[in-house]
Amino acid sequence: MRQQPSSELLRVENLTKIFQIRHGFSTREFRAVDDAAFTLTAAKPEIFTIAGESGSGKTTLARMVLGMEQPSSGILQYKGRNIADLSLGEKRAWFFKEVQPVFQDPFAAFSPLKKIDHYLYETVHNYKMAKKSETDDYVNEVLQQVGLTLAEVRGRYPNELSGGQAQRMAVARALLTNPSLIVADEPVSMLDASLRMSVVNMFRDLKEQQQVSILYITHDLATAYYFADRIAVMLRGWIVEEGPVEKVLGSPLHPYTQNLKESIPQADPDHAWSSEVDLAILDTDEYTRKGCRYAGRCPHVMDVCRHTEPPNVTAQGRTVKCFLYTEEHAADAAPVQSAVDSSNH
Ligand SMILES: Nc1ncnc2c1ncn2[C@@H]1O[C@H](COP(=O)(O)OP(=O)(O)OP(=O)(O)O)[C@@H](O)[C@H]1O
Ligand SMILES: [Mg+2]
């Protein structure tokens, strides 16, 4: 097997997931994730956020990275190895240990009938993470990384925990296998606003202190701006802008990212996306549209956008999938360019 340089933790290349949907008596295909590409380095842990409105393909992408969903095409490599080539045994013994999920609803991961510490002991046992005599010490040490102790949670049932404690437990369970990557899909969206920042800060501490990289999926751009290193913005299966968070959200280039940023009311960082109202109507039409999937909503739409898929352009320290930043069309893009340039000075 060809090994990638060990400097890569995760490589996502041309990753595509095609779903079929029924339309009356016929079925129609659409690309819920279309040609996604990004890499996470192994050299330095980072928080890579995937943001985008509802139905843009974030969860589908996360499920493929976790090995829970089979890609239709494309490459997924973890530490230089193709996930598709791993046997079930290798997946269990290595991949599922290294790449751990944290989901939106922390209570869904725990049966209400089982004591919560049962899950911790089970994980330590299944993955042989500690000798029997050292299990309590190991579990306690990991719980401390998420701000809990074994004494606090021992013998308790899930319904005795707050939402914030349950999500910390879910993260502790993920950490027990000593993963290098955590894939967290909207992990704070079901928590009270008052608890969210403490859980978000916990993820940041884990990156810094435990050297875990985090693929963090969120609707919430304000949080992403606060704690992510890089961001990929998804629109109808496409990554339309990707790069360092201070560039992409500080001075967005894609008209969709610009719209998302403008739609965050300053006084209400919990607010998600203003454009969500229209989504039901736009849903599959935008996925299967010819040309740019944002053409129907874009204030800077040009003729070319209506019939040709935009290329990925490298511009101002990020990648942007938009004709406005191609050399041949830049002249038509004067209003956007000047607005962005002036905000940079
Ligand atoms: N198993 C499936 N079969 C068919 N379509 C699916 C399936 N899973 C997801 N989809 C569709 O794929 C698209 C992307 O869904 P996905 O759940 O990945 O979006 P999302 O960005 O995570 O949305 P949200 O923010 O609401 O969680 C949606 O149109 C969804 O309805
Ligand atoms: Mg989702």
Notebook entry, point to check: Among the residues of the range 170-197, which ones are within 19 Å of residue 226 (Cα to Cα), polar (S, T, N, Q) and either at pLDDT 95 or above or within 16 Å of ligand 1 (Cβ to nearest atom) (or both)?
Noted result: 189
Check: Applying the selection to the range 33-54, what residues are small (Gly, Ala, Ser) and surrounded by fewer than 21 Cβ atoms within 10 Å (Cβ to Cβ)?
Finding: 37, 42, 43, 54
Notebook entry, point to check: Quick one: is residue 37 within 13 Å of ligand 2 (Cβ to nearest atom), more than 22 Å from residue 188 (Cβ to Cβ) and out of contact with any Cys (no Cβ under 9 Å at 6 or more places or on another chain)?
Noted result: no
Notebook entry, point to check: Yes or no: residue 313 surrounded by fewer than 22 Cβ atoms within 10 Å (Cβ to Cβ), hydrophobic (A, V, I, L, M, F, W, C) and under 23 Å from the mean Cα position of the chain (by Cα)?
Noted result: yes
Notebook entry, point to check: Name the pairs: first residue in the range 148-159 and farther than 13 Å from residue 172 by Cα, second residue in a helix (DSSP H, G or I), Cβ to Cβ under 6 Å, at least 6 apart or on different chains?
Noted result: 154/117; 156/116; 158/107; 158/116
Check: Do any strands (runs of 3 or more DSSP E) lying entirely in the range 188-254 carry at least 2 residues that are touching a Pro at 6+ places or on another chain (Cβ under 7 Å), over 26 Å from residue 98 (Cα atoms) and within 16 Å of ligand 2 (Cβ to nearest atom), and which ones are they?
Finding: none
Check: Using beta carbons and a limit of 7 Å, which pairs, at least six apart or on different chains, have the first residue in the range 176-190 and closer than 21 Å to residue 122 by Cβ and the second one more than 12 Å from ligand 2 (Cβ to nearest atom) and acidic (Asp, Glu)?
Finding: 179/98
Notebook entry, point to check: Pick from the range 74-105 the residues that are within 16 Å of ligand 1 (Cβ to nearest atom) and not aliphatic (A, V, I, L, M): which of them is surrounded by the fewest Cβ atoms within 10 Å (Cβ to Cβ)?
Noted result: 105
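The values are calculated or read from the model by the stated rules, or taken from the named source; none is laboratory data. Computed from a predicted model, the values in this text were never measured in an experiment. Because the Cβ atoms are built from the backbone with ideal geometry, glycine has one as well, and the counts that use them run over all protein chains shown.
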